[in-house]
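The values are calculated or read from the model by the stated rules, or taken from the named source; none is laboratory data. Keep in mind that what you see is a predicted model, and the values were worked out from it rather than measured. We place every Cβ from the backbone using ideal geometry, glycine too, and count neighbours over all the protein chains shown.
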Amino acid sequence: MNAPADIRGSGLQEGESRYFNREVSWLAFNRRVLEEAANPAHPLLERLRFLSISGSNLDEFFSVRVAGLKEHQLEATEHRSYDGRTPTQQLERISEDADVLIAEQQRTWLELSDLLGKAGVEVVAPSGLHAKERDWLRTQLSEQILPVLTPQAVDPSHPFPFVPNLGFALVFSMVDTADGEAVSEVLMIPASVPRFLRLPGQQSRFIAIDDAITANLDLLFPGFELIGAGAFRVLRDTDIEIEEDAEDLVRHFRSAIKQRRRGRVIRLEFSSGTPSDLELLVREGLGAEHALIAESSGFIGITDLGQLVEDEGHPELRFKPYTPRFPERIKEHGGDCFAAIRGKDIVVHHPYESFDVVVAFLRQAASDPDVLAIKQTLYRAGKQSAIIDALVAAAEAGKSVTAVVELKARFDEEQNLLWASRLERAGVQVVYGFTQWKTHAKVSMVVRREGGTYRTYCHFGTGNYHPTTARFYTDLSFFTASKRAARDAAKLFNFISGYVPPKGLELLTMSPVNLREKLSGWIDSEIANARAGKPAAVWAKMNSLVDPAIIDKLYEASEAGVKIDLVVRGICCLRPGIPGLSSNIRVKSIVGRFLEHSRVWCFANGARMPNAKARLFISSADWMPRNLDRRVEVAVPLENPTVHAQVLDQVMVANLIDNEQSWTLDGEGHYTRVDPGKKPFNLHTYFMTNPSLSGRGQALEGKKVPKLKLEQGG
């Protein structure tokens, strides 16, 4: 798709696009993540965690986004990005930016390894081992590691071994000293083998597994002389193509998951100094003639550094532990979630407030004899899921339980298949949804018999039903006993399970039904207010902003006089602050201790923001074509005054005034870290130290919560 050519009246130059490139914007986001690894305000092991995350992010970027572009390039398609670039042009720019990012990762690791060594966490080379450590290492390798390893010769009778996605291996050229015959060997390091071995003793000393093996090759190859050695890492295309006419979706995914392991090699990374003949052996053996080839100047597989972070000890090098609060309102009802929700809508703000309340909601439903039915969407639930346990318990207790399990949740397909099997064995009615659309909405509904009638309790979330990520993702959980919400939630589940179009929605807005149309309409209302001389503003918080039609609508609103403030953590294709195009749009990104994940949309509705009459929504959807057109998503209005005030006056204002973890985006695509100045404000610290408005209960009603003020207004 080409960008609109008409840029008359704007501050854009001839040939400039109205949009930033999606892939370049993503790389800029990962650079902000990497910057946190260099942030002296963070403890050292937390800085190392940010470095590891930047590596993991980049791996996924290559195996998904770059893989897709590579396929377009090889097929010689003219598919252009929204900013008008061909696949080849995008790959060239990505390669340049990624190389700079990877070089910065290596520099950051050198800096951190030096600082960590001085702080008592040391990664040592073989030459730095003490005599006792060398002896221990040889014993450890002989007894614990080498039995797991399988060296494989490469010759006409031994084809090159298969190396899976994210596979790490060593490669050697050797000579048999007995007969002088040359041999090439490949040694895969299985994922079950730790990347670092912790050396014995009180100190936190580690050695990388590849260094340990290479320094003790005689244990693995007795009688051989080493001629050359290297290491390599493989990234493959991990996308799964959905066949719309697949007769059995489950069988199709089981087959596709196996095929994904053998996807096209997208990137091949070699250790510095790997002999050219060994590089050629690996490239030919993997069929990687079209892969991006890179030689690392340092540590291969930056994501594996996360193992050092998970090692126990050194609390002084980590963030101070934080224990999430459990909403006081529910405690005051003796832990009865239904009674608390019946009294008033509640918003739970994760991770500051515990995800346990969501689990407790479902556990209570499972054990309550008056609960008749539970319906639940599951996109990502994690490996150890209390949510699954609760649904199984409910089914085994004889309740009607329906679970919508999304098989197309990238990298969770296999886990979701396992959950689906367990749920079905327990008697849960498992629904897999649509072939062409992902069910990304986060919804749970519980039908309960009360006083001769039925009442439905609903939970709507901005994040997944995932207990692990809920500890460090910021998300919102909204609980309500609204009859309108109940009727709409029922229509949502009927849409997914029975393909019944959800007509006459009273409260919810849903994609791909009417979310795009409604979102544009809400922005149009602000445009009309601005033209009528009324206050007009849009505040929105999301993970990504990509959709060109929505971006164009925001441009239109900006030039009509609507004040627009966007908090976009990751990809942002909108160009802010361009005269005549986006002069009234400001964009910021927040990267800090917690991952900003909640989606919140606010529309001034004729009064200065923030105000009690503003239209306010939480959603599972980002503003991307896939969310608006190819996914089942939900946007939920927040109408209860306390809940409204909590999300608008607390959550959104805190995001807008944060100046310790924030970056601002300019019209050229550059992000600049905000200077806190004389009034530093950290939204994560604020929410860790203050109760929420809707969940604090009577016991905390008197506790003063600092009033947040947005000085620039709306």
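Of the residues contained in segment 124-133, one or more are found to be at pLDDT 95 or above, surrounded by 15 or more Cβ atoms within 10 Å (Cβ to Cβ) and not aliphatic (A, V, I, L, M).
Yes/no per residue for (1) acidic (Asp, Glu); (2) buried (at least 22 other Cβ atoms within 10 Å of the Cβ); (3) more than 30 Å from Leu170 (Cα to Cα); (4) in the same structural domain as Phe232 (by TED's automatic domain parsing):
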| residue | (1), (2), (3), (4) |
| --- | --- |
| Ile266 | no, yes, no, yes |
| Gly273 | no, no, no, yes |
| Glu332 | yes, no, yes, no |
| Gly343 | no, no, yes, no |
| Pro351 | no, yes, yes, no |
| Gln364 | no, no, yes, no |
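With respect to the conditions (1) in the same structural domain as Val401 (by TED's automatic domain parsing); (2) modelled with pLDDT of 95 or more, Gly521 lacks only one, and its number is (1). Of the residues making up segment 589-633, those that are surrounded by fewer than 18 Cβ atoms within 10 Å (Cβ to Cβ), within 22 Å of Lys563 (Cα to Cα) and either at pLDDT below 95 or polar (S, T, N, Q) (or both) number 1. Residue check: is Leu665 modelled with pLDDT under 95 and surrounded by 15 or more Cβ atoms within 10 Å (Cβ to Cβ)? Criteria not met by Leu665. Assess whether Pro161 counts as being part of a loop (DSSP other than H, G, I, E, B) and in contact (Cβ under 8 Å) with a residue 24 or more places away in the chain. Considered against the rule, which asks whether it is part of a loop (DSSP other than H, G, I, E, B) and in contact (Cβ under 8 Å) with a residue 24 or more places away in the chain, Pro161 comes out as yes. Within segment 316-362, how many residues turn out to be of a type outside the set (D, E, K, R) and in a helix (DSSP H, G or I)? Total meeting the criteria: 14.
Close contacts from segment 96-120, counting a first residue that is in contact (Cβ under 8 Å) with a residue 40 or more places away in the chain and a second that is hydroxyl-bearing (Ser, Thr, Tyr), with Cβ to Cβ under 6 Å and a gap of 6+ residues or different chains, come to Gln106/Ser297; Gly120/Ser204. When segment 367-380 is filtered for residues that are out of contact with any strand residue (DSSP E or B) (no Cβ under 6 Å at 6 or more places or on another chain), hydroxyl-bearing (Ser, Thr, Tyr) and either more than 13 Å from His466 (Cα to Cα) or not in a loop (DSSP other than H, G, I, E, B) (or both), only Ser367 remains. Against the definition (of a type in the set (Asp, Glu) and either assigned by TED's automatic domain parsing to the domain that holds Ile590 or surrounded by fewer than 18 Cβ atoms within 10 Å (Cβ to Cβ) (or both)), how does Asp59 come out, yes or no? For Asp59, the condition - of a type in the set (Asp, Glu) and either assigned by TED's automatic domain parsing to the domain that holds Ile590 or surrounded by fewer than 18 Cβ atoms within 10 Å (Cβ to Cβ) (or both) - is not met.
The residues listed here are Glu289, Glu312, Glu284; of these, the one that is among the acidic types (Asp, Glu), surrounded by fewer than 15 Cβ atoms within 10 Å (Cβ to Cβ) and in a helix (DSSP H, G or I) is Glu284. Answer with yes or no whether Asp370 is farther than 30 Å from Val647 by Cβ and among the charged types (D, E, K, R). The answer is yes for Asp370.
Could you tell me which residue of segment 492-516 is surrounded by the most Cβ atoms within 10 Å (Cβ to Cβ), considering only residues that are hydroxyl-bearing (Ser, Thr, Tyr) and out of contact with any helix residue (DSSP H, G or I) (no Cβ under 6 Å at 6 or more places or on another chain)? Once the filter is applied, the top-ranked residue is Ser497.
In segment 35-50, the condition of being at pLDDT below 95, assigned to a loop (DSSP other than H, G, I, E, B) and among the hydrophobic types (A, V, I, L, M, F, W, C) is met by at least one residue.
Look at segment 381-423 and say how many of its residues are in a loop (DSSP other than H, G, I, E, B) and crowded, with 20+ Cβ neighbours inside 10 Å. Qualifying residue count, segment 381-423: 7. Counting the residues of segment 518-566 that are within 15 Å of Leu616 (Cβ to Cβ), assigned to a helix (DSSP H, G or I) and basic (Lys, Arg) gives 1. If you go through segment 185-234 and pick out every residue that is in a loop (DSSP other than H, G, I, E, B), crowded, with 18+ Cβ neighbours inside 10 Å and within 29 Å of the chain's Cα centre (by Cα), you end up with 1. Given the condition under 26 Å from Asp345 (Cβ atoms) and touching a Phe, Trp or Tyr at 6+ places or on another chain (Cβ under 9 Å), answer yes or no: does some residue in segment 403-419 qualify? Looking for residues that are under 26 Å from Asp345 (Cβ atoms) and touching a Phe, Trp or Tyr at 6+ places or on another chain (Cβ under 9 Å), one finds at least one in segment 403-419, hence yes. Restrict the check to segment 439-461 and report whether at least one residue is surrounded by fewer than 19 Cβ atoms within 10 Å (Cβ to Cβ), among the polar types (S, T, N, Q) and touching a Leu at 6+ places or on another chain (Cβ under 7 Å). Checked against the condition, which is being surrounded by fewer than 19 Cβ atoms within 10 Å (Cβ to Cβ), among the polar types (S, T, N, Q) and touching a Leu at 6+ places or on another chain (Cβ under 7 Å), segment 439-461 yields no hits at all.
Residues satisfying the criterion are present in segment 468-475 (criterion: under 19 Å from Ile618 (Cα atoms), under 19 Å from the mean Cα position of the chain (by Cα) and of a type in the set (Asp, Glu)). Taking the numbered list (1) in the same structural domain as Arg283 (by TED's automatic domain parsing); (2) surrounded by fewer than 18 Cβ atoms within 10 Å (Cβ to Cβ) in turn, Ala119 passes all entries but (1). The single condition among (1) aliphatic (A, V, I, L, M); (2) surrounded by 17 or more Cβ atoms within 10 Å (Cβ to Cβ); (3) modelled with pLDDT of 95 or more that Val430 does not meet is (3). Whether any residue in segment 391-405 is among the basic types (Lys, Arg) and under 30 Å from Ala645 (Cβ atoms) is what I want to check. No: zero hits.
Could you check, for segment 375-390, whether at least one of its residues is of a type outside the set (Val, Ile, Thr), within 23 Å of Asp475 (Cβ to Cβ), at pLDDT 95 or above and touching a His at 6+ places or on another chain (Cβ under 7 Å)? No: segment 375-390 contains no residue that is of a type outside the set (Val, Ile, Thr), within 23 Å of Asp475 (Cβ to Cβ), at pLDDT 95 or above and touching a His at 6+ places or on another chain (Cβ under 7 Å). All of Glu71, Glu46 fail the test of being within 23 Å of Glu596 (Cα to Cα) and acidic (Asp, Glu), apart from Glu46.
Going by the structure shown, is Gly433 without any contact (Cβ under 8 Å) to a residue 60 or more places away in the chain and in a loop (DSSP other than H, G, I, E, B)? Judged against the criteria, Gly433 is not a match. Consider segment 157-178 and keep the residues that are out of contact with any Leu (no Cβ under 8 Å at 6 or more places or on another chain) and of a type outside the set (A, V, I, L, M, F, W, C). The one that is surrounded by the most Cβ atoms within 10 Å (Cβ to Cβ) is Gly167. Lys491 fulfils the conditions (1) over 18 Å from Leu378 (Cα atoms); (2) part of a helix (DSSP H, G or I); (3) of a type outside the set (Phe, Trp, Tyr) except for a single criterion, (1).
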